[in-house]
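Structure first, then comments.
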Amino acid sequence: MKKLLIAVLALAPMLGLAGYALAQPRPQVPNKPGVPLARDLQAKMPKPQALFDWAYPMAPPNTGPRPDPDETFTAEGADPSLKFTRRQISDGFGPPDWFPKDHAPMPRIVSNGREPHVRACTLCHLTSGIGHAESAPVSGLPIKYFIRQIVAFRDGDRVNIRAPNMIEMAHDMTDKEMRDAANYYARIPRAQWKSVRVVETSRAPANSIFPSGKRMFEKGANTIPVDPMTIYEVAENYQVELRNPRVGFAAYVPSGSLAKGRVVSLGNKGAFRSCASCHGNDLRGREDVPRLAGRSPSYLVRQLADMKYGHRKGKALGDMKDIAPKLSDADIVNVAAYLASRNP
């Protein structure tokens, strides 16, 4: 009987018992002196330009009934024995890994983080690195670039209303943890980078920001106009709320934006250098310069707007410090739509 118990415990992750282990209470780790807390930073963050509010999604006030934290879910396509509660799916220090065969072994900083300040990378960026519309797609990023961005958060060179969690984490991450996370995501195969389906249109299915902070389709056949300054990047289905890394996004971009964005990417008729001059002819990045092709348009708009309006600065900005101020607000929307449409 004792041998049988040992064998069962050894097989627990494969039998779906990993979720049970996550549910056990963990000893509370005291906050580290000098590390700013995300909840305290939020009110200090600069607000985005009103025109770009849609690119910085924040969860609306939840006035309805609270969902059951112990409700159990299984991701579509995952081993049916893997079941996690809503509480476990939102666990910042042990979010679910629905498809362990889809990726290489994860460093602990990626899969679990380190309490109390460094949440698991997979909580927001997922095991695949594709992230969500409200976070960043980090799959395939150059290692040096990846690390520079964490340092930029720590040094106050990247600030916006979506940044507080990263700022808190960056203040407590060790150099090794940064390298481990950067190495893991840099090695994700290109075949897994694509996460956005771009649709150029004048109208999009009705959608809104859900309590989870994710933009989701609303029920019914209603549509809404897509004005020239808005992109609706919507989760393809509700499974995104389970942190299912196989669920992507549909980005409804303004009519005519792809052609206009291509002109901007080529240097906007001589106003500045082309995107390809630094990011590669295929816009997939090179050396320590990140890829642009196929990345979330919401993310691209946030970064370009932050660069233009001074919320992203410092050495990590590179040549963009001269280019971003030359972009009109319309240029930002159009080039983000175009870049997102390219094959990563």
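The values are calculated or read from the model by the stated rules, or taken from the named source; none is laboratory data. Because the structure is a prediction, the values reported are computed rather than measured. Quick reminder, even Gly has a Cβ in these numbers, built from the backbone with ideal geometry, and neighbours come from all protein chains shown.
Which numbered condition trips up residue 68, out of (1) farther than 20 Å from residue 119 by Cα; (2) buried (at least 21 other Cβ atoms within 10 Å of the Cβ); (3) not β-branched (Val, Ile, Thr)?
Among (1) farther than 20 Å from residue 119 by Cα; (2) buried (at least 21 other Cβ atoms within 10 Å of the Cβ); (3) not β-branched (Val, Ile, Thr), the lone unmet condition for residue 68 is (2).
For region 282-308, enumerate the residues that are touching a Pro at 6+ places or on another chain (Cβ under 7 Å) and of a type in the set (Ser, Thr, Tyr).
Those that are touching a Pro at 6+ places or on another chain (Cβ under 7 Å) and of a type in the set (Ser, Thr, Tyr): 296, 299.
Does residue 87 qualify as being part of a helix (DSSP H, G or I), surrounded by 11 or more Cβ atoms within 10 Å (Cβ to Cβ) and in contact (Cβ under 8 Å) with a residue 12 or more places away in the chain?
Values: part of a helix (DSSP H, G or I): yes; surrounded by 11 or more Cβ atoms within 10 Å (Cβ to Cβ): yes; in contact (Cβ under 8 Å) with a residue 12 or more places away in the chain: yes.
Taking the combined requirement at face value, the residue satisfies it.
Suppose we filter region 101-126 for residues that are of a type outside the set (D, E, K, R) and free of Cβ contacts under 8 Å to residues at least 60 places away in the same chain; how many remain?
We begin by selecting, within region 101-126, every residue of a type outside the set (D, E, K, R); these are 103-107, 109-113, 116-118, 120-126.
Applying the additional criterion that residues be free of Cβ contacts under 8 Å to residues at least 60 places away in the same chain yields 105, 111-113, 118, 120, 124.
Of the residues in that region, 7 qualify.
In region 135-161, what residues are within 23 Å of residue 106 (Cα to Cα) and either assigned by TED's automatic domain parsing to the domain that holds residue 299 or assigned to a loop (DSSP other than H, G, I, E, B) (or both)?
135, 136, 137, 138, 139, 140, 141, 142
Would it be correct to say that residue 190 is out of contact with any Asp or Glu (no Cβ under 9 Å at 6 or more places or on another chain) and surrounded by fewer than 16 Cβ atoms within 10 Å (Cβ to Cβ)?
On the way: out of contact with any Asp or Glu (no Cβ under 9 Å at 6 or more places or on another chain): yes; surrounded by fewer than 16 Cβ atoms within 10 Å (Cβ to Cβ): yes.
Judged against the criteria, residue 190 is a match.
Across region 169-199, what is the number of residues that are farther than 27 Å from residue 235 by Cα and not basic (Lys, Arg)?
Narrowing region 169-199 to residues farther than 27 Å from residue 235 by Cα: 170-180, 183.
Now drop any that are not not basic (Lys, Arg), which leaves 170-175, 177-178, 180, 183.
Residues flagged as farther than 27 Å from residue 235 by Cα and not basic (Lys, Arg) within region 169-199 amount to 10.
Would you kindly identify the helices (runs of 4 or more DSSP H) lying entirely within region 272-344 that contain at least 3 residues that are modelled with pLDDT of 95 or more and within 16 Å of residue 254 (Cα to Cα)? Show your work before the answer.
Details: elements: 276-279, 297-308, 320-323, 329-341.
Fully inside region 272-344 and qualifying: 297-308, 329-341.
Residue by residue through region 216-262, note down the ones that are within 24 Å of residue 188 (Cβ to Cβ) and not hydrophobic (A, V, I, L, M, F, W, C). Full working, then the answer.
Residues of region 216-262 within 24 Å of residue 188 (Cβ to Cβ): 233-237, 239-251.
Within region 216-262, 233, 236, 237, 239, 241, 243, 244, 245, 246, 248 qualify.
Here is a yes/no grid of residues against (1) more than 19 Å from residue 131 (Cα to Cα); (2) among the small types (Gly, Ala, Ser):
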site	(1), (2)
161	no, no
167	no, no
174	yes, no
194	no, no
199	yes, no
206	yes, yes
211	no, no
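Just need a number here: residues in region 259-271 that are assigned to a loop (DSSP other than H, G, I, E, B) and either within 25 Å of the chain's Cα centre (by Cα) or among the charged types (D, E, K, R) (or both).
Within region 259-271, the first condition is being assigned to a loop (DSSP other than H, G, I, E, B), and the residues that meet it are 266-271.
From what's left, either within 25 Å of the chain's Cα centre (by Cα) or among the charged types (D, E, K, R) (or both): 269.
Looking only at that region, the number is 1.
Looking only at residues in region 236-251 that are of a type outside the set (Lys, Arg) and over 18 Å from residue 295 (Cβ atoms), which one is surrounded by the fewest Cβ atoms within 10 Å (Cβ to Cβ)?
Let us first name the residues in region 236-251 that are of a type outside the set (Lys, Arg), namely 236-242, 244-245, 247-251.
Keeping just the survivors that are over 18 Å from residue 295 (Cβ atoms) gives 237-239, 241-242, 244.
Numbers: 237: 14, 238: 16, 239: 18, 241: 20, 242: 20, 244: 23.
Once the filter is applied, the top-ranked residue is 237.
Please specify each residue of region 92-112 satisfying the condition of being in a loop (DSSP other than H, G, I, E, B), under 14 Å from residue 243 (Cβ atoms) and small (Gly, Ala, Ser).
Passing the criteria: 92, 94.
Within region 167-181, which residues are without any contact (Cβ under 8 Å) to a residue 60 or more places away in the chain and surrounded by fewer than 22 Cβ atoms within 10 Å (Cβ to Cβ)?
Within region 167-181, the subset without any contact (Cβ under 8 Å) to a residue 60 or more places away in the chain is 169-170, 174-176, 178-179.
Selection gives 174, 175, 176, 178, 179.
May I ask you to list the residues in region 166-201 that are outside any loop (DSSP other than H, G, I, E, B) and within 15 Å of residue 299 (Cβ to Cβ)? Even if it seems obvious, please write down each step before you answer.
Keep residues of region 166-201 that are outside any loop (DSSP other than H, G, I, E, B), which gives 166-170, 175-186, 190-192, 196-201.
Scanning region 166-201 gives 166, 185, 196, 198.
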